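The values are calculated or read from the model by the stated rules, or taken from the named source; none is laboratory data. Quick caveat, the model's predicted, so the values are computed rather than measured. Note that each Cβ is placed from the backbone with ideal geometry, even for glycine, and that neighbours are counted across all protein chains shown. Ligands, DNA and RNA are stripped out before the accessible areas are found, and what is left, the full protein with its side chains, is counted by its heavy atoms. Shrake-Rupley method; radii C 1.70, N 1.55, O 1.52, S 1.80 Å.
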Amino acid sequence: GAEARFRAATEAATTATGARDEAVRRAGRAAELAGRLRAAWARLEPVQAAFDELDALTDVINGRGQNSRSMTLRTYVLAARLEEVAVAASARLERMSQGRYRFVHSVEAGPRGTRGGLGLDVLDDYSGVQRPAKTLSGGESFLASLSLALGLSDVVAAGAVLDTLFIDEGFGTLDAETLELVMTTLDELRAGGRVVGLVSHVDELRQRIPTRLRVRKARAGSTLELTA
């Protein structure tokens, strides 16, 4: 019985020794791999840091992450240019509205979380209230649109030649006093060397426009009549 137990103990010892040797071998292999892994992490750190920086910048450019206004880079650039246009257009609008209105560039987000940056409101000096441009009346909307067109031409003209401007309709919504203010503004542009063309059916404009090209409709076709 003692010999049997001895043989069993010897076999168990041999098995345990083999398991220990295998464990030591695996531990050495794991230590080697751990060293290689730490070295790989060390090499990866500057790359990961650069990636994290670019990833964060990409989020900002796309209106995410640390971008508190949720504006894309394209929208931001357009918003900056729109702000310039709003300043130039406000000078026109204040004059044509006799000091009542001026534009206010809005960067607020739109309804339902839509991204902002390209909004324009009007400040009513009579009431002191800032309100959406869509609340303007028909004649006031025409003045606002014309002011924006002139403001845009002023901003664009700062870097390029823009000497011709065509305005299509809208004059019929103006009262006589406002029409006079608009025409005075356009006359100043013309006196400054710009060519201003008006497309309209308002009879009062004929007295103010020296050179006119009239379109006459007929059954056989349209004809042009030049008055200079």
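Miscellaneous remarks
- Taking the criterion of being of a type outside the set (S, T, N, Q) and either touching a residue at least 60 places away in the same chain (Cβ under 8 Å) or touching a Gly at 6+ places or on another chain (Cβ under 8 Å) (or both), the residues of the range 163-203 that qualify are D163, L165, F166, I167, L174, D175, L181, V182, H201, V202.
- Residue within the range 32-55 that is under 30 Å from E108 (Cβ atoms) and aliphatic (A, V, I, L, M) present: yes
- Close Cβ contacts (under 8 Å, 6 or more residues apart or on different chains) running from residues in the range 42-67 that are free of Cβ contacts under 8 Å to residues at least 40 places away in the same chain and closer than 30 Å to L78 by Cβ to residues that are loosely packed, with under 10 Cβ neighbours inside 10 Å and of a type in the set (S, T, N, Q) comprise A56/Q66; D59/Q66; V60/Q66.
- Residue count for the range 1-52, restricted to those that are farther than 30 Å from M71 by Cα and open to solvent by less than 100 Å² (accessible area, probe 1.4 Å): 31
- When restricted to residues that are out of contact with any strand residue (DSSP E or B) (no Cβ under 6 Å at 6 or more places or on another chain) and either more than 19 Å from F103 (Cα to Cα) or open to solvent by 30 Å² or more (accessible area, probe 1.4 Å) (or both), the range 83-93 contains 4.
- Residues (open to solvent by 60 Å² or more (accessible area, probe 1.4 Å) and modelled with pLDDT under 85) located in the range 109-155: A109, P111, R112, G113, T114, R115, L118
- Matching residues, the range 53-77, being in a helix (DSSP H, G or I) and surrounded by fewer than 15 Cβ atoms within 10 Å (Cβ to Cβ): E53, L54, D55, A56, L57, T58, D59, L73, R74, V77
- Complete set of residues in the range 185-228 that are over 28 Å from S90 (Cα atoms), among the hydroxyl-bearing types (S, T, Y) and open to solvent by less than 70 Å² (accessible area, probe 1.4 Å): T227
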